[in-house]
Structure formats: structure tokens, C-alpha cells
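One structure is given here, and the rest of the page talks about it.
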Amino acid sequence: SAAYQTALAGARARAQSLADANRKSIHDEIERARAAADAKAHGDIQAAEARIAASRDEARSHVVKAAEDAAIAIVAHLTGDTVSADEAASAVRAATGR
């Protein structure tokens, strides 16, 4: 009957509308979760890069200190002269360009 067909068409339209609304809601939720995950990952990467940079700087300072100590010891061993820590630091800076 026409009334049945009309009711059926209305029910199908409402079901389609609900399905579309659910798809949009799920899509929006996924996008929010993705954006939050991207922001967290970006923050974690920045924090890791900062830790790496700090470790690299600390390691570099240890290498420079070892080079300065070695310069003092080498000069003392080869020439018997005493080199100050400032002179050794200056020589290491000159040799490394830093």
C-alpha cells in the first residue's frame, strides 16, 4: 500500500540519516584522537631531541676536558714544561676550531 511504502521510505531516510550522523561522529572522533596523538608525538620528539642535545654537549665537554688534560701531560712529558689549564684550553680550541 501507499501508506506502507511512504512509512518505509521515511524509515529508510531516518536510518540513512542516523548512519550518516554516526559516520561523521566517528570520523570527527578519530580526527581528534589523531591530532592529539600527533601533538603528543611531536612533544615527545622535541623532548628526546633536547635530551640528545644535552647528552651530546655533556659528552663534548668531557672530550674537550680530556684533550686539555692530555695536552698538559704531553707537553710535560715531552718538554718538561708546565702548561696551564688556560693554555691547554686555548690550544684545544685552536686545534678544534671550537
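Using Cα atoms only, what is the angle between the long axis of helix 2-79 and the major principal axis of the chain, expressed in degrees (0 to 90) to the nearest 10?
For 2-79 against the chain, the angle is about 0 degrees.
Measure nothing fancy, just the Cα-based angle from helix 85-96's long axis to the longest principal axis of the chain, in degrees from 0 to 90, nearest 10.
In the chain, helix 85-96 runs at an angle near 60 degrees to the longest axis.
Just checking my list [x] 65; [y] 50; [z] 20 against percent of Cα pairs over 23 Å apart computed from this structure; which label fits?
Derived directly from the coordinates: [x].
Pop out the carbon and sulfur fraction of the accessible area of the range 20-96 as a percent, whole number, probe 1.4 Å.
Exposed carbon and sulfur together represent 61 percent of the surface.
Taking 0.36 nm per intervening residue step and subtracting the Cα-Cα distance, what contour gain separates Q5 from S17 on full extension?
2.5 nm
Between Rg and the Kirkwood Rh of the range 14-59, both from Cα atoms, what is the Rg to Rh ratio?
Here Rg/Rh amounts to 1.49.
Hey, can you find the accessible area per residue of the chain for me, probe 1.4 Å, expressed in square angstrom?
Here the per-residue accessible area is 80 Å².
Considering the dipole of the chain built from charges on the beta carbon (Lys and Arg +1, Asp and Glu -1) around the Cα centre, which of A95, I26, A13 is farthest to its positive end?
Positive-end residue among those listed: A13.
Give, as a single signed number, the net charge of other residues whose beta carbon lies under 13 Å from the beta carbon of A41, with Lys and Arg counted +1 and Asp and Glu -1.
Here the charged neighbours net out to -1.
The values are calculated or read from the model by the stated rules, or taken from the named source; none is laboratory data. Quick caveat: nothing in here was measured; it's all calculated off a predicted structure. Glycine gets a Cβ as well: all are built from the backbone with ideal geometry, and neighbour counts include every protein chain shown. Just the protein is used for accessible areas: all its heavy atoms, side chains included, with ligands, DNA and RNA removed. Shrake-Rupley method; radii C 1.70, N 1.55, O 1.52, S 1.80 Å.
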